[in-house]
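Only the coordinates and a few stated rules stand behind these numbers; no lab work does. Please read all numbers here as calculations on a predicted model, not as lab measurements. Every residue, glycine among them, receives a Cβ derived from its backbone with ideal geometry; neighbour counts consider all protein chains shown.
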Amino acid sequence: MPNQDPEYQSCIQSSERVSWRIDDLLPKDTVLDFSRRFLSDELTGTESIRCLNAEEKLMLNQIRSNSYAHMFLFLEEYAVALASHRAGLELHGNSTHMRALLRFSEEEIKHQQLFSRYTSAFARGFKVVPSLLDNQVQVAKAIMTKSNLGVLIFNLHMELMTQQHYIETVRGNDREALDPLFCNMLKHHWLEEAQHTRLDFLEAQKIIAQAPETMDAAMAEYAELLQALRATLNAQLQLDLQTFEKAAERTFTEAERKEIFEAQERSYIWSFIGMGMKAPLFLSRLRSLSPMAEQRVLELAPTYYCN
Ligand SMILES: [Fe+2]
Ligand SMILES: [Fe+2]
């Protein structure tokens, strides 16, 4: 196993260089501008819904964007548990590794506070107060019953997915006039996530070096976690549609409801699961951990609209 210290050291240096404060990104009294899309349509899939008018499509885009910010609360709740646990394992051990992992935990808590400040600002300014899932602690505890390696691989997927979202749909997107405040928030999230993806990989390497036989079970856990995530996304989607119906002040017919639900389900699964699975860096990272792991992801991909 090569010496990993320079890599951990480099993560600390990058993290120090890009670090930001919540108050600079999103001051407490921020008033959101509801005249624009927050997320790209590539992530919200509202434009292709035929039964909605332009105003309704924008409203649904904004509800989805708010839920997107909120979903990070879920994805970061277990990430804090994971990174803190991995940091604790280095207590009285390698202080460079421990410091990098503690920064990882601290940044994830900061991200949670940023996104939760955002959803509060959204609730103050939007037509109705959106319904959001609130079982992130329960979900995090369930995720953490899996092996560290399984959760690290799931987290690598999630963090590279965040990178993919920013690179493919925010940075250099001149097709859509997106809300600059939301874009800036995603940019700063992306800047810190970049180090997390490296740490997930380094920690996974550490485990595999000691126990290579655990990789099979970890990949089975990764597949289970994706299924559980799908159920959580669907639960949030049901709430999004309730919020939408209230905000649009319109009762949809069964056929309309079906069209909206199917488009949104597809969009949620593709954004959070498909896009992560097809992220080139996710596949190449897995391949270098174990060729079987990459193969397993490629086999699962069609289940998540990803061929
Ligand atoms: Fe984060
Ligand atoms: Fe992260």
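Numbers for the structure displayed
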{"read-out": "Degrees separating the helix 95-125 axis from the principal Cα axis of the chain, which is the longest one", "value": "10"}
{"read-out": "Residue-averaged [θ]222 nm for the chain, counting only DSSP H segments that reach four residues, each worth -39500 (n - 2.57)", "value": "-23500 deg cm²/dmol"}
{"read-out": "For the stretch 170-254, alpha-carbon Rg and Dmax in angstrom", "value": "20.0, 58"}
{"read-out": "Separation of the residue 147 and residue 288 label points, Cα + 7 Å toward Cβ, nm", "value": "2.2"}
{"read-out": "Label-point separation, residue 94 to residue 262 (7 Å along Cα→Cβ), nm", "value": "5.1"}
{"read-out": "Distance histogram for the stretch 62-214 (every C-alpha pair counted, 10 angstrom bins, percent rounded to whole numbers)", "value": "10, 37, 33, 15, 4, 0"}
{"read-out": "Anchor residue 127: lysines whose Cα lies under 25 Å away (excluding residues fewer than 8 positions away in-chain)", "value": "28, 57, 246, 258"}
{"read-out": "At R0 = 35 Å, FRET efficiency that the Cβ-Cβ distance of residue 210 and residue 120 yields, to 0.05", "value": "0.20"}
{"read-out": "Theoretical FRET efficiency, 1/(1+(r/R0)^6), r = Cβ-Cβ of residue 129 and residue 13, R0 45 Å, to 0.05", "value": "0.60"}
{"read-out": "Cα-based convex hull, the chain, per residue volume (Å³, whole number)", "value": "129"}
{"read-out": "With Cα atoms, 0 to 90° folded angle of helix 180-210 axis to the chain main axis", "value": "30"}
{"read-out": "Rounded tilt (10° steps) of 280-289 against the dominant C-alpha axis of the chain", "value": "30"}
{"read-out": "Sequence-separation-based contact order of the stretch 126-267, relative, with Cα cut under 8 Å and 6+ spacing, percent", "value": "42"}
{"read-out": "Dipole magnitude of the stretch 49-304 about its Cα centre (Cβ charges: Lys, Arg +1; Asp, Glu -1), debye to nearest 20", "value": "280"}
